[in-house]
Every structure is written in structure tokens, then in C-alpha cells.
Amino acid sequence: MEIFISWHGKFLFLLTIAIALAAPTYGQQPATAAEDPTLPPPFMLFRTVPIRVGQEYGTAFLIDYKERQYLVTAKHLVKGLPSKDATIQLYEIFQWTDLKVDILNCKSSEVDAVALRFDKPEKISIDPGVEASPITQVIGSAVFFFGFPNFGRELGLHTTLAKTGQHLPMVKKGILSASDWSDKDANLLYFDAFNNRGFSGGPIVAFDTTGKKWQIVAVVSGYLNEANQVRLQGHMVDSQELANSGVMIGYNIRHVLEAIDASTGKP
């Protein structure tokens, strides 16, 4: 198994070590683990990274698309940055590292997802990756999502490999609950899943039962809030305090792929 490689090509010894440790992370999975619909695809652990923009923290992930690699994240995380030569930070080799990117926005401003094009023509990751593909799963299908939820600590909750200290994302599971096509340029997806701040920008993956493979189908945007109720003079009334409803919001990855196509002029 190959893994996500350092942006600057340093510390390549971690590649060999992480490969050796990857199987224990998954409880000694067999070689077919990447094709097992009951377990998340292992490669996504190494292609999902923490991102920081100013004081905002979230998640980004790497995709291969038409012979080039891109980062994908939530649009609200890069709000206010210029579309050209914007600076974001990724956490790699135990420190935050600057990366210059061009921000490729989707056709609809409602889509909370963007592609980030970086000025590295060579591949950053040589692992097979997971294909990014428009969602085709039926309502009720299981999904996994990856991210770095932040609970006051800089990197929030995550997996740490014991021998290397390498940071890997948390993995959670949900169900595709609804798909809203009211705007054909902004397919909004709802999932029965508890996510938290910091998961924004993370990949949502589902198993394609026809092709027998995992696919990145959506990007985590956030979650729906609902008002908590309090008892006042014997009556339950809505308060100003908002709580996580347990409904996660995401956007179809197809809009990100279309944004990349629009930027290259090659549909």
C-alpha cells in the first residue's frame, strides 16, 4: 500500500514505516480490504489532511482527475482568499506548511465545495487513490466520511500512529438520507450522521455495488442546527441555544469536477 507523500518530498522513510503500520491500524485487514463495503477504503486515511486558513481549521482531501492532482475542501474554509495564488496551510511532518493554490469555484455560489489547484505538475501521491465520481447511490445507502474534528485542540481528534506520530483522520459512518435537486447546479445531500466542526471539507465515500469499488461522492459542508427547547412556566419553548440535529450536509462531488473542467476548458 502506498500512502500520501510529503508535499516537499522529505522524510520518505515514513513511507515504508507507514505501509508496515497501515494493516495494524485496520486490525490486520486482508489485501481485499479496499473492496470490502463494510470497511472504509484504507487509502482515504492517507489522502485526507488537516487544513488551516487563518484561525479556521478543517479538512481537505486529494483527488486524481484527468492526469492531475487537486485538493478539495469546503468553500467556507477559504472564504475571503483570492482566487489566484492564495495561501493555505496543511499539516505535514508535524508542522503547518504553506501551500500556494488557485481556488476553482463551482458554477453555483451555493455549493460549499471548491477544488484547489497547486503548482506541482508531478503527482504528490502515487497510491491508487479513490475515484471521485458523481453520486449514484440510492437513498438509504451507507457512507463513510473522514476528517479532523476540532474540539479546542489545534488538530482536534485524530488517529496517531504509535511509532511515527503521523496524524490520520477520524472515520465516521452514516446513511444517505435525502438528495435535493431543486438547483441543478447545487445538488444538496443530507446524511443521517453526526459530524462536528473540523469535518468540513472532508470526503464522503460510498461503495459502488455495480463496479465493486469505493468512490468519493460528496464533500462535507456541515450539519443542520436545531433549537433546543427549555421548560418555561410549564411549557416547552425554543431557546436561542442551537444543537447538532444529527443531519450532516454535503454537496455532490460532480460540481467540483465540473469546476475543474471549466478551468481547463476540457469537459
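The values are calculated or read from the model by the stated rules, or taken from the named source; none is laboratory data. Since we're looking at a predicted model, the values are computed, not measured. We place every Cβ from the backbone using ideal geometry, glycine too, and count neighbours over all the protein chains shown. Side chains are part of the model used for accessible areas, which takes the heavy atoms of the whole protein and leaves out ligands, DNA and RNA. Shrake-Rupley method; radii C 1.70, N 1.55, O 1.52, S 1.80 Å.
The table that follows gives values for the structure above.
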item	result
Loop-located chymotrypsin sites (Phe, Trp or Tyr not before Pro) in region 46-103, at most 14 other Cβ atoms within 10 Å (DSSP)	94
Cβ crowding within 10 Å averaged over residues, with 110-117, 245-252, 177-184 ranked highest first	110-117, 245-252, 177-184
Portion, in percent, of the accessible area of region 170-216 that falls on carbon or sulfur, probe 1.4 Å	52
Listed peptides 216-222, 47-53 by packing density, highest first (mean Cβ within 10 Å)	216-222, 47-53
Sequence-distant residues sharing a close amide H with residue 166 (under 5 Å, placed H)	161
Protection proxy ranking of 72-85, 194-207 - average other beta-carbon atoms within 10 Å, highest first	194-207, 72-85
Residue order for 172, 212, 66 - accessible surface, 1.4 angstrom probe, largest first	212, 66, 172
Relative intensity, log₁₀ I(q)/I(0), of region 41-122 from a Debye sum that treats every alpha carbon as a point, q = 0.13, 0.19, 0.21 Å⁻¹	-0.39, -0.85, -1.04
Entries of 66/212; 79/184; 79/213; 84/173 with Cα pairs more than 31 Å apart	79/213; 84/173
